[in-house]
């Protein structure tokens, strides 16, 4: 979470709802940033 710059509330952690919501945010960030993280940039590679 820290590496992805996702804020984490240690007091709320391990609550099923909180963990699910934060995991979803992290997953969405990873998917949205996939091209940049994999070195693929629009217009450079096919």
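The values are calculated or read from the model by the stated rules, or taken from the named source; none is laboratory data. Note that the coordinates shown come from a computational prediction; the quantities given were computed from them, not determined experimentally. Reconstructed Cβ throughout: ideal geometry from the backbone, glycine too, with neighbour counts over all protein chains shown.
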Review point. Within the bounds of region 20-35, is there any residue that is at pLDDT below 80, surrounded by 11 or more Cβ atoms within 10 Å (Cβ to Cβ) and at negative phi?
Key: yes
Practice item. Using the structure shown, decide if residue 12 is modelled with pLDDT of 75 or more and in contact with a helix residue (DSSP H, G or I) (Cβ under 7 Å, 6 or more places away or on another chain). Key: yes
Revision key, fill the gap. Result of the Cβ filter at 8 Å on region 19-41, keeping first residues that are under 20 Å from residue 8 (Cα atoms) and partners that are assigned to a helix (DSSP H, G or I) and at pLDDT below 80, at least 6 apart or interchain, is 30/37
